[in-house]
Amino acid sequence: MSSNPVEQYSLIRQMTADDLDCVVEIDQAAYPYPWTRGIFADCIRAAYDCFALQLGEDLIAYTIQSTAAGGNHLLNLCVAPRWQRNGYGKLMLNHVIRHARLQKCTSMFLEVRPSNPSGFRLYEQKGFAIVGKRPGYYRADDGREDAIVMRLDL
Ligand SMILES: CC(C)(COP(=O)(O)OP(=O)(O)OC[C@H]1O[C@@H](n2cnc3c(N)ncnc32)[C@H](O)[C@@H]1OP(=O)(O)O)[C@@H](O)C(=O)NCCC(=O)NCCS
């Protein structure tokens, strides 16, 4: 058994349609422009790799990733606001990276908002490098915001 309490008392499992209420509620609390329930449902239906982090009875974090042509795309990684800054984001990021390696992916890509220092720092600390930018990728209060594209060689 792990000696790290963050790992010891939590369980990472597949996300299912039964989790959607909880996932949507967390997404709405955590993001200024959350995904719709339909987007999450489509990800599960399309058999994207969707993981949930369970702490006791509670679902407290989740990830969505897809694999194509040897590349892995991290589409969503989110920790419920009240559980942030406890190491769960790092735990889930390590999990999706391990999963991508098991799928024989050679790289992982993601997008992050320049206005999201928590996300950016998390990825940078793990070794993701900036490889580009997608102009006007995100909705923003004053129009659109660019996305920073980051890659990790696996
Ligand atoms: C980004 C997010 C997943 C981080 O999860 P978390 O559980 O709070 O992060 P952890 O406690 O595991 O911290 C891991 C690292 O993330 C970075 N980080 C997390 N919160 C931070 C903050 N408020 N400010 C700066 N860096 C932060 C740090 O590098 C931290 O490492 P450190 O503790 O050694 O400094 C979480 O804040 C979140 O879900 N935010 C809303 C959704 C989101 O923005 N997802 C990313 C979209 S690209």
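The values are calculated or read from the model by the stated rules, or taken from the named source; none is laboratory data. Computed from a predicted structure; not experimentally measured. Neighbour counts run over all protein chains shown; Cβ positions are idealised from the backbone, glycine included. Areas reflect the complete protein model, heavy atoms only, side chains present, ligands, DNA and RNA absent. Shrake-Rupley method; radii C 1.70, N 1.55, O 1.52, S 1.80 Å.
Using a probe radius of 1.4 Å on heavy atoms only, what accessible surface per residue do you get for the chain? Whole Å² is fine.
57
Can you pull out the chymotrypsin sites (Phe, Trp or Tyr not before Pro) in the range 1-65 that DSSP calls coil and that have at most 15 other Cβ atoms within 10 Å?
On the way: sites: 9, 35, 40, 48, 51, 62; in loops: 9, 35, 48.
Loop-located and lightly packed - 9.
Tell me which residues come under 5 Å, amide H to amide H, from residue 140 once H is placed; ignore anything under 5 positions away on its chain.
Amide H neighbours of residue 140, under 5 Å, 5+ apart: 145.
Considering only protein heavy atoms and a 1.4 Å probe, what is the carbon-and-sulfur percentage of the accessible area of the chain?
Carbon with sulfur: 50 percent of the solvent-accessible area.
Placing unit charges on C-beta atoms (Lys and Arg positive, Asp and Glu negative, everything else neutral), compute the dipole magnitude of the range 100-153 about its Cα centre in debye, rounded to 20.
Details: 10 positive and 7 negative charges, 57 e Å.
Dipole magnitude for the range 100-153 comes out near 280 debye.
If the only charges are +1 at each Lys and Arg Cβ and -1 at each Asp and Glu Cβ, what is the size of the charge dipole of the range 8-154 around the Cα centre, to the nearest 20 debye?
About 580 debye.
Hey, if you put +1 on the Cβ of every Lys and Arg and -1 on every Asp and Glu Cβ in the range 62-154, which of 92, 148, 116 ends up farthest toward the positive end of that dipole?
92
Give a quick list of trypsin sites (Lys or Arg not before Pro) in the range 22-102 that DSSP marks as loop, anything other than H, G, I, E or B, with at most 10 other Cβ atoms within 10 Å.
Sparse-neighbourhood loop trypsin sites (Lys or Arg not before Pro): 85.
Give the residue from 67, 52, 10 lying farthest towards the positive end of the charge dipole for the range 7-75; charges sit on Cβ (+1 for Lys and Arg, -1 for Asp and Glu) and the dipole is referred to the Cα centre.
Of the options given, the answer is 67.
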